[in-house]
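Contents: one structure, followed by commentary.
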Amino acid sequence: MDEQQTLIGTVAAVVFQNEENGYAVVRVVTDDGELVTVVGCIPCAAPGEQIAATGGFITHPQHGEQFSATEVERHLPATESAIIDYLASGVVRGIGPATAQKLVDRFGPDTLDVLENAPEELRKLRGFTDKRVREITEGFREQMGLRRLMSFLTHFDLPVSLSVPLYRRFGTAAMEMLRRNPYLLVDEPFGVDFAVADEIALALGGDASCRTEAGVLFELSYNESSGGHIFLPRPKLVAATAQLLDVPEDEIEKALDDLIDAGRVAQEPVANVTGCYLSRCLDAERYVALRLRSMLADKPDVLRGAKKAIDEIEREQGIEYAPLQRRAVELAAEQELLILTGGPGTGKTTSVRAILTLFERMGLDVQLAAPTGRAAKRMGEVCGRDAQTIHRMLGMSWDEQTGRVKFTKNEKDPIKADAVIVDEMSMVDLALMRAFLAALRPGCRLVLVGDPDQLPSVGAGNVFSDLIRSGRVRTVALTEVFRQAQQSAIIRNAHAVNEGRTPELQNTADSDFFFLPRRDPARLVDTVVELCKTRLPDKMGIPAGEIQVLTPTRKGATGTAALNRALQAALNPPSPDKRERQFADAVFREGDRVMQTRNDYDVIWEREDGTAGTGVFNGDVGQIVRIDPGGELLTVAFDDRVATYTADMLSELDIAYAMTVHKAQGSEYRGVVFVAAPCAPGLEVRGVLYTAITRARELLIVVGDDSTVRRMTENDKRQRRYSGLRWRLAEDNA
């Protein structure tokens, strides 16, 4: 982009407008009479309005020169012809070309002032009934409310794109609510940094008590989303908030008590601490504990003849279950709730297939689920049955009023299943567990499968670990590594790391685990590129599309950002027959592997069978299959659906030839290249290395520094998460 400049002119036409986020492509006639294409966030853009756009010129691959606006100042049209163009565009509900002409003929250049301040004057016009006047007035006020909201955001250097979700959430009251409480901007759908909202509140002369209360709520929300904590001990919450706001702790104590009295924060003893919860977090924890305790107390119908059926299944499949595997299948027949755990090579998959076969033979309607699309796809493949994401099973949608996810399946409309088996349970957070349990009808059997030694869920809570450590839920932990699995160095080294032993780094020709020492970052990156581009496809028969590069970190010379630039250049270089779209520092090209970086419940997708829906989730990986000639629409193919992105939504996508280990949870790849280079101490931990190793199905190559591998193996430090679920599952702590 060229040096920043300001372009002033009148909107002549709107070429493209995304109503969800305000992104637009407009034709502007400048004051010098030049016609310029302007792209940027211009919600509800309409012909006739005047704009002052700040930004710079860019060269679009197909459309040539465009002005990319980072800020847009807008003014209502002043001349009669411009007012007609503006109103005739349909920007105000109830006004079309004929009505626009009639209004301007009567009120001239004062038309817009009449619409806002004296709408009763419209009743003097022929054909303008009270109902029609009310519709036009409401439509114009909505438009003005949105424009004032945009001006407010611009004044405080906030993105104008926030105006759309704010207006969707709060409607015409959005402006007034923000003035009263700018800390609303910190909420999840808007994501404004607390310090920024704090500056706005101070500039507006906000109430001191409002500030301290907002600080308390922010600390709880921040620690929930970033630290995975369901609650915070009161002393920690008070100290953290006092430090955040630089105010005495006694002021925080008072604000916290006021929030507790108002029901916005809940406080109660948990184990040996006084826990402070956001009310919805306490509700979720209590509900999950209550439902689980109910399932544990319930006596399910006995599956008669289960042991005989297991014998028959063994004969039919030509296998003999190991004692613990058989025990898992027998308990599944006896218990309403069962946990099955085990590392790689211990026979979890065989056990799950056996349980599934037994349930179906006993006449039960069984459904399979997993937290992510890739995990569900893999589960379906190994079980030979359809499996789906938990979100899809629950009928997920987005509630614009609350700014949170909602599900159609619940106590009133439960999942129609007699038994549900859930894989990759370590990825399930407390909020999802609550929604899932609410959708299970009474008596439904539940088998939870996973590896507790993998990284915990991205969302808050420690559900799977809490259930296991509570000692209340019948758990079968498969520990025997079968002889065939022992032949895999991947599996041997995974178990070694899990036990605190450094993996074998000596290479042998017939191994599926290799170590390539590379301490120089530039040489390390070159080696990774060479492995993905030629060595593994040519010598190991694994195509580049089935190789995933993993690294603990995004940052630095060997982080995902640097690796992706190098891998994209090698694996999907520029080509005349491939369209591309530049966004910020990244170039998105047809054929690129990309990953969704946050939950977006508005992305529209469609499946091959014609079914459609919305919602793409943090960590979903797909491929750009098409960029439209205008560069404004990108089509991304995910595992089982195709989604459409507008160009401004590219901030939600990352190039994904390389990704962090955290993002790879729940996925498996034929080949994995793991980068073991020095990084932040908090990432050089055993759980990251173990999770990385267990992502590889056929081949794992570790490239980097053996001392980093040793440090990761020796460091079993796990981040503590404040959660009361384990405590609530105890007999006396309902």
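The values are calculated or read from the model by the stated rules, or taken from the named source; none is laboratory data. Since we're looking at a predicted model, the values are computed, not measured. Don't worry about glycine lacking a Cβ; one is built from the backbone with ideal geometry, like all the others, and counts go over all protein chains shown. These area figures cover heavy atoms from the full protein model, side chains too; ligands, DNA and RNA do not enter into them. Shrake-Rupley method; radii C 1.70, N 1.55, O 1.52, S 1.80 Å.
If you filter the stretch 158-264 for GluC sites (Glu not before Pro), then keep DSSP loop positions with at most 11 other Cβ within 10 Å, what is left? Kindly include the intermediate steps, with their values, before the conclusion.
On the way: sites: GLU176, GLU199, GLU213, GLU219, GLU224, GLU249, GLU251, GLU253; in loops: none.
Nothing satisfies the criteria.
Around GLY96, under 14 Å between beta carbons, what's the net of Lys plus Arg minus Asp minus Glu among the other residues?
Overall, the nearby charge balance is +1.
Can you bin the stretch 388-502 into rounded, prolate or oblate? Criterion: square roots of the alpha carbon gyration tensor eigenvalues sorted a ≥ b ≥ c, rounded for a/c under 1.5, prolate for a/b above b/c, oblate for the rest. Write down the numbers at each step before the final one.
Numbers: a/c = 2.46, a/b = 1.94, b/c = 1.27.
Judged from the Cα gyration tensor, the stretch 388-502 comes out prolate (a/c at least 1.5, a/b above b/c).
With viscosity set to 0.890 mPa s and temperature to 25 °C, compute the Stokes-Einstein D of the stretch 328-399, Rh being the Kirkwood radius across alpha carbon pairs; µm²/s, no decimals.
On the way: Rh = 13.3 Å.
D = 184 µm²/s.
Please get the size of the charge dipole for the stretch 121-278, origin at its Cα centre, with Cβ charges of +1 on Lys and Arg and -1 on Asp and Glu, quoted in debye to the nearest 20.
Numbers: 18 positive and 25 negative charges, 285 e Å.
Dipole of the stretch 121-278, to the nearest 20 debye: 1380 debye.
Only bridges with both residues in the stretch 4-105 count here: give the DSSP antiparallel percent, nearest 5.
Details: 31 of 33 bridges.
If I count the DSSP bridges inside the stretch 4-105, around 95 percent turn out antiparallel.
Rounded, prolate or oblate: which fits the stretch 45-180 when a ≥ b ≥ c are the square roots of the eigenvalues of the alpha-carbon gyration tensor, with rounded for a/c under 1.5 and prolate only if a/b beats b/c?
In terms of gyration-tensor shape, oblate.
Work out the charge dipole of the chain with +1 on the Cβ of Lys and Arg and -1 on the Cβ of Asp and Glu about the Cα centre, then indicate which of PRO248, VAL449, LEU516 is farthest towards its positive end.
My answer, from the dipole projection, is VAL449.
How high is the relative contact order of the stretch 1-112, in percent, with contacts defined as C-alpha pairs under 8 Å that are six or more residues apart?
Values: 245 pairs, mean separation 24.1, N = 112.
Relative contact order, the stretch 1-112: 22 percent.
Find out how many positive minus negative residues lie around MET595, taking Lys and Arg as positive, Asp and Glu as negative, among other residues whose Cβ is under 14 Å from that of MET595. Display every interim value, and only then the final one.
Values: positive: ARG374, ARG554, ARG593, ARG598, LYS663; negative: ASP592, ASP600, ASP620, ASP639, GLU652, ASP654.
Net charge in that neighbourhood comes out at -1.
Report in % the part of the accessible area of the stretch 330-404 that belongs to carbon and sulfur, leaving out ligands and nucleic acids; probe 1.4 Å.
Working: 1110 of 2690 Å².
It is 41 percent, rounded to a whole number.
Once you have a ≥ b ≥ c as the square roots of the Cα gyration tensor eigenvalues for the stretch 671-719, tell me rounded if a/c is under 1.5, and otherwise prolate or oblate according to whether a/b is larger than b/c. Mind showing how you got there, number by number?
On the way: a/c = 2.36, a/b = 1.47, b/c = 1.61.
It comes out oblate by the Cα gyration axes.
For the chain, find the longest principal axis of its Cα atoms and tell me its angle to the long axis of helix 489-498, 0 to 90°, nearest 10.
Between helix and principal axis, roughly 80 degrees.
Can you give the relative contact order of the stretch 280-347 as a percent, counting alpha carbon pairs under 8 Å and 6+ residues apart? Write down the numbers at each step before the final one.
On the way: 24 pairs, mean separation 27.4, N = 68.
In percent, rounded to a whole number, it is 40.
So, for the chain, what is the accessible surface per residue at a probe of 1.4 Å, expressed in square angstrom?
Accessible area per residue: 45 Å².
Taking θ as phi - 60°, what are the ³J(HN,Hα) couplings along the stretch 384-395 by the Karplus curve (6.51, -1.76, 1.60), each to the nearest whole Hz, with x for Gly and Pro?
Rounded to whole hertz, the list is x, 9, 5, 10, 9, 5, 4, 4, 5, 4, 8, x.
Name the lysines eligible as straight-distance cross-link partners of LYS533: C-alpha to C-alpha under 21 Å, and not fewer than 8 places from it in the same chain.
LYS578
Go ahead and estimate [θ] at 222 nm for the chain from helices alone: -39,500 (n - 2.57) per DSSP H run with n ≥ 4, summed, over the residue count, rounded to 500.
Values: 25 runs with 269 residues, N = 734.
Result for the chain, helices only: -11000 deg cm²/dmol.
List the trypsin sites (Lys or Arg not before Pro) within the stretch 517-606 that fall in a DSSP loop (any state other than H, G, I, E or B) and whose Cβ has at most 16 other Cβ atoms within 10 Å.
On the way: sites: ARG518, ARG519, ARG523, LYS533, ARG535, LYS539, ARG554, LYS555, ARG565, LYS578, ARG579, ARG581, ARG589, ARG593, ARG598; in loops: ARG518, ARG519, ARG554, LYS555, LYS578, ARG579, ARG598.
Sites meeting the loop and neighbour criteria: ARG519, LYS555, LYS578, ARG598.
Please compute the contact order of the chain in relative form: average sequence separation of alpha-carbon pairs under 8 Å and at least six residues apart, divided by the residue count, as a percent. Present the calculation step by step, with values, prior to reporting the outcome.
Values: 1361 pairs, mean separation 73.4, N = 734.
Normalised by residue count, the contact order of the chain is 10 percent.
With label points built 7 Å along Cα→Cβ from the Cα atoms of GLU698 and ASP298, find their separation and express it in nm.
4.3 nm
Where the only charges are on Cβ atoms (+1 Lys, Arg; -1 Asp, Glu), what is the dipole of the chain about its Cα centre, to the nearest 20 debye?
Numbers: 87 positive and 107 negative charges, 493 e Å.
Once rounded to the nearest 20, the dipole reads 2360 debye.
To the nearest Å, what is the center-to-center distance of the stretch 137-206 and the stretch 220-282, using C-alpha atoms only?
26 Å
Need one number: nm distance between label points at HIS75 and ARG720, each 7 Å from Cα along Cα→Cβ, rounded to one decimal.
Each label point lies 7 Å from its Cα, and together they span 6.1 nm.
Given the convex hull over the Cα atoms of the stretch 603-734, what projected area results after averaging over all orientations, in nm²?
Working: hull surface 52.3 nm².
Average projection, Cα convex hull of the stretch 603-734: 13.1 nm².
Expressed in whole Å with the largest first, what are the equivalent ellipsoid semi-axes of the chain derived from the C-alpha gyration tensor as the square root of 5 times each eigenvalue? Show your work: numbers first, answer last.
Numbers: eigenvalues 499, 214, 138 Å².
Rounded to whole Å, the semi-axes are 50, 33, 26.
Please give me the summed charge of the neighbours of GLU714: other residues whose Cβ is under 13 Å from its Cβ, Lys and Arg +1, Asp and Glu -1. It would help to have the intermediate numbers written out before the result.
Working: positive: ARG501, ARG686, ARG710, ARG711, LYS717; negative: GLU499, GLU684, ASP706, ASP716.
The answer is +1.
Near LYS254, which lysines are there with a Cα under 22 Å away, not counting those fewer than 8 places off in the same chain?
LYS236
Which residues in the stretch 141-172 have a backbone N closer than 20 Å to a point placed 7 Å from the Cα of ILE8 along the Cα-to-Cβ line?
Only 151, 154-155 fall inside the zone, counting backbone N under 20 Å.
Which of the trypsin sites (Lys or Arg not before Pro) across the stretch 604-647 are loop residues per DSSP, with 14 or fewer other Cβ within 10 Å?
ARG607
If one takes the longest principal axis of the Cα atoms in the chain, at what angle in degrees, from 0 to 90 and to the nearest 10, does the Cα axis of helix 373-383 lie?
Between helix and principal axis, roughly 30 degrees.
Taking 45 Å as R0, compute the FRET efficiency from the Cβ-Cβ separation of THR534 and ALA262 and round it to 0.05. Intermediate results must be reported in sequence, preceding the final value.
Details: r = 63 Å, r/R0 = 1.41.
Between THR534 and ALA262 the formula returns 0.10.
Work out the charge dipole of the chain with +1 on the Cβ of Lys and Arg and -1 on the Cβ of Asp and Glu about the Cα centre, then indicate which of LEU87, VAL160, ALA696 is farthest towards its positive end.
Result: ALA696.
Distance cut-off 22 Å, Cα to Cα: go down the list LYS663/LYS717; LYS307/LYS416; LYS348/LYS377; LYS299/LYS416; LYS377/LYS555; LYS377/LYS539 and report the pairs above it. Spell out each step's value before the answer.
Numbers: LYS663/LYS717 20 Å; LYS307/LYS416 26 Å; LYS348/LYS377 16 Å; LYS299/LYS416 20 Å; LYS377/LYS555 31 Å; LYS377/LYS539 28 Å.
Going by Cα-Cα distance, LYS307/LYS416; LYS377/LYS555; LYS377/LYS539 fall outside the 22 Å limit.
Roughly to the nearest percent, how much of the accessible area of the stretch 604-695 is carbon and sulfur, given a 1.4 Å probe? Kindly include the intermediate steps, with their values, before the conclusion.
Values: 1570 of 2940 Å².
The computed percentage sits at 53.
Give the separation of the Cα centroids, the stretch 307-339 to the stretch 509-537, in Å.
Rounded to whole Å, the Cα centres lie 43 Å apart.
Give me Rg/Rg_expected for the stretch 1-115, where Rg uses Cα atoms only and Rg_expected = 2.2 N^0.38 Å with N residues.
Numbers: Rg = 14.7 Å, N = 115, 2.2 N^0.38 = 13.4 Å.
This ratio for the stretch 1-115 stands at 1.10.
For LYS102, go through the lysines and keep the ones whose alpha-carbon is under 23 Å away, minus same-chain ones fewer than eight residues off.
The reachable lysines, counting only those whose Cα sits under 23 Å from LYS102, are LYS124, LYS131.
Expressed as an acute angle from 0 to 90° and rounded to the nearest 10, what is the orientation of the C-alpha long axis of helix 279-297 relative to the principal long axis of the chain?
30 degrees
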